[in-house]
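Below is one structure, written out as structure tokens; the observations come after it.
Computed from the coordinates by the stated procedures, all read-outs in this text should not be read as laboratory data. Since we're looking at a predicted model, the values are computed, not measured. All Cβ positions, even for glycine, are placed from backbone atoms using ideal geometry, and neighbour counts span all protein chains on display.
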Amino acid sequence: MTDPTIRLADYTRPAWEVDTVHLTFRLSPDATEVRARIRFKPGRGGDLWLDGQALDLLEAAIDGKPVAPAVGKQGLSVPAADLPKDGFEWTCTTRIDPEGNTSLEGLYLSQGMYCTQCEAEGFRRITYFPDRPDVMAIYTVRIESDLPVLLSNGNRIGSGPGWAEWHDPWPKPAYLFALVAGDLKSVTDSFTTRSGRKVDLAIWVRDGDQDRCAYAMDSLKRSMRWDEEVYGREYDLDLFQIVAVDDFNAGAMENKGLNIFNSKYVLASPETATDGDFEGIESVIAHEYFHNWTGNRITCRDWFQLSLKEGLTVFRDQCFTADMRSAPVKRIQDVQGLRAAQFREDAGPLAHPVRPEEYVEINNFYTATVYEKGAEVIRMLREIVGAEAYETALNLYFERHDGQACTIEDWLQVFEDATGRDLSQFKLWYRQAGTPQLDVEEQFDGTVHRLTFRQNVPATPGQPNKQPMPIPVRWGALDASGHEFANGLHIADAAVTTLDIPCSARPVMSLLRGFSAPVHLKQAEQVGDRAHRLAHDTDPFNRWDAGRALAMEALLDGGDTQDWCDGVGRVLEDEALDPAFRAMVLSVPGEGEIAQATALAGRVVDPDVIHARRKQVRQNLAHHLSDRLAPLRDAQQIDGPYSPDGSAPGKRALANGLLGLIALQSDGLNLAQAAFDRADNMTDSLAALTILTAHGAGKNALAHFHHRWSGVSLVIDKWFGVQARFGSIADIEALLDHTEFTWRTPNRFRALIASFAFGNPTEFHRKDGAGYQLLADWLLRMDALNPMVAARTSTAFDSWRTVTEDRQALIATQLERIASAPTLSKDTSEMIGRLRA
Ligand code: PHE
Ligand code: ZN
């Protein structure tokens, strides 16, 4: 039986809409009873269809009269003829099994705590309901349980021993419903909105974790302030709560007034969390909070519109972090992430548009394309219309669509109305998959420098032919001394466009500044141009990217690294530059990015060759910098206590980047060991541990680390992760047998299996196929338990057609093996089908 394909073109309005929902939960681990009372009003009209999965229907009635609907595996229906035309009250009782719910969708148990995950389609595992985002209703929830803490969306309207009642005054789609019950402790604070309303804030964690919530709380308050100041959006309830859970399929979830977080994005102390973890918390807290307006108050009409809320909210959280920290460094990090994940996705069998037009399982479309490319599309839109018009358009968006379930068309219409522009061509960014390639030719004739842009959007699955898109190219022109004498914005909106810059000498062109569009730029620069830009570009992003391009040239062709080493050396010693920026310049493109560039150049990917080349290039740099490394590292010493903010993380990043190069020199590992022994924060400790492990010298440090952090699961995840990235298959197998490899916990599964498949290319791509087999074994195992996590992890195979033929054959065998498994979830079977197509 094949699962049906859902198509955007088939959208129809709901037959019946919902005014109010009253839910009563009688919690019990394997037999929770959910009583629902739902007030329906006419929509498009027709039969009543209610989605429902893994539910035991105990009773049902319409306007108090028992009914016997036709019940199937996906839901139930009642014929229109049996329904009062003007609306009716539906009541039913369902029984569900939170303890046996291993998918972590719907209501489940995590370490004795009940919690829910309803996006995208988890609510149908709680009760029968039109589980689609365009059905918005007002919820009142009663929870009955002996557990001390009983939470749901909105405000608490009553409680007593063994029960609590909650009411959320804002209409919401079912995917934003949440319920939590457990023996939890809270850390509380408050926030006064700019109109003077006091909002209570609470973060709920397990006892003992209270002292690791301060950064999350502070991030929340800063997010609330930022959304008021930058977007003019105030919070709209008297209470905002966050709950941390250890078992969670994703990062976090924006349920109205009751966000539920993977504990990884809440809990942090200097001893247990790295600078990167702190930054992750800040951005995920912001992201979920920002969803209150972009996602909750204005939601999606259907799941094809997912990027309406996700692209916009990612864009907002990126801007927030840029304001909190260094904007150029944030931009570099985001582009690195985009290239590593989204460009990779866009180049293979899983490529899909920012707004997909069909899916089998929507869980498979929470992707880098919908999220990160979606954010890039909004960044381009702002670039094209300008910051002021962007603000006007957003105000209009909130004014016009507050309380509605909207589409990408609604979103673009707002920009058209606010600016008078025709955005029909721009809409192609939502419709066409694939990363455009932009080739640039330059010609100087003595008075004018002419640039000719040629764009090409590659064919992707289901989209053989593409149309030209508007590509905003921010540019600057530098003279021989590095002085910038002109700059501007060129929109390359046809297959071929030209840009003329009047000047008296051939300039060095800095193109696509700030990465103004998510494209592959191919600029045939003259010898020395990149080095010139690495030394002088006034755009920090492009300055960094010039270094990266120089390194990539050497990585691809095994060529000379002299220019790159010289340039990096000068940047490193430029005290005027932010250490965080210098750390970025120091880093060499990862093996995945090199593999992509190799494939893009039309060559076969051999992960062993890439690994060796990258090692050689880093060696060259270490050799080139030789005795300058240690003093540079010493210069990054930090005085005073640990802080995850300000300049300290950048200094640590630079110091640890330098340590990585020092480790390549004789005696360097002793320094790394000393750094590990001396480390008084997780950033330095993990950096040293990683370096030692990468050199096969981590045995003692790993043992020490494991002993020191026994029982702190987020840190033990790191311990697994480091070994997964640098260990041999034999090492991985030993870890799979480790008592602490509690693979049912998604974080732990990801720490070992996903870190191995995505972060250890040489072992994953071993020529005997052992790496592929290992992944396939675990995908099958996980699929029976948690399809969403299995399907997500299967994307590790997404570049399989780029590797050597012998490896392709081995992967094909594993994909076929998975495809022919006797039972396979809808999630994984869709993914494997797309991978093999
Ligand atoms: N909507 C969540 C976010 O982006 C992501 C999510 C999706 C979480 C599905 C859980 C399940 O913030
Ligand atoms: Zn989101």
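Here are the numbers for this structure:
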quantity: Mean Cβ neighbour count within 10 Å, used as a protection proxy, ranking 562-572, 728-738, 585-595 highest first; calculated: 585-595, 562-572, 728-738
quantity: 5 Å binning of all Cα-Cα separations within region 231-298, expressed as whole percents from 0 upward; calculated: 4, 17, 26, 22, 16, 9, 4, 1
quantity: Percent of Cα pairs exceeding the 26 Å cut-off, where the set is region 168-294; calculated: 16
quantity: Where only C-alpha atoms are counted, convex hull volume of region 35-126 per residue in Å³; calculated: 103
quantity: Listed peptides 657-663, 248-254, 711-717, 308-314 by packing density, highest first (mean Cβ within 10 Å); calculated: 308-314, 657-663, 248-254, 711-717
quantity: Long-range HN-HN contacts of ILE6 with modeled amide H, under 5 Å; calculated: TYR359, VAL360
quantity: Ranked SER504, SER186, criterion: other C-beta atoms within 10 Å, fewest first; calculated: SER504, SER186
quantity: Highest average packing first - 507-516, 457-466, Cβ atoms within 10 Å; calculated: 507-516, 457-466
quantity: Cα Rg, Dmax, region 589-686, angstrom units; calculated: 16.3, 51
quantity: Space enclosed by the convex hull of the alpha-carbon atoms of region 289-416, per residue, Å³; calculated: 109
quantity: Rg [Å, one decimal], Dmax [Å, integer] - region 642-726, C-alpha atoms; calculated: 12.6, 36
quantity: Length added when fully stretched, ARG26-ALA819, from 0.36 nm per residue minus Cα-Cα; calculated: 281.5 nm
quantity: Exceeding the 24 Å Cα-Cα cut-off - candidates LYS172/LYS330; LYS330/LYS427; LYS65/LYS85; LYS41/LYS826; LYS221/LYS309; LYS373/LYS615; calculated: LYS172/LYS330; LYS330/LYS427; LYS41/LYS826; LYS373/LYS615
quantity: Stokes-Einstein diffusion coefficient of region 153-229, Kirkwood radius over Cα pairs, 25 °C, 0.890 mPa s, in µm²/s; calculated: 167
quantity: Long-range HN-HN contacts of VAL199 with modeled amide H, under 5 Å; calculated: PHE191, THR192, THR193
quantity: Per-q log10 I(q)/I(0), region 696-758, q = 0.25, 0.26 Å⁻¹ (Debye; single scatterer per alpha-carbon; no solvent); calculated: -1.13, -1.22
quantity: Taking the C-alpha atoms of the chain, convex hull volume expressed per residue in Å³; calculated: 162
quantity: Modelled FRET efficiency - R0 22 Å, LYS427 with THR498, Cβ distances, 0.05 increments; calculated: 0.35
quantity: Placed amide H near VAL18: partners under 5 Å, 5+ positions off or other chain; calculated: LYS41, MET136
quantity: Length-normalised contact order of region 1-116 in % [C-alpha pairs under 8 Å, at least 6 apart]; calculated: 27
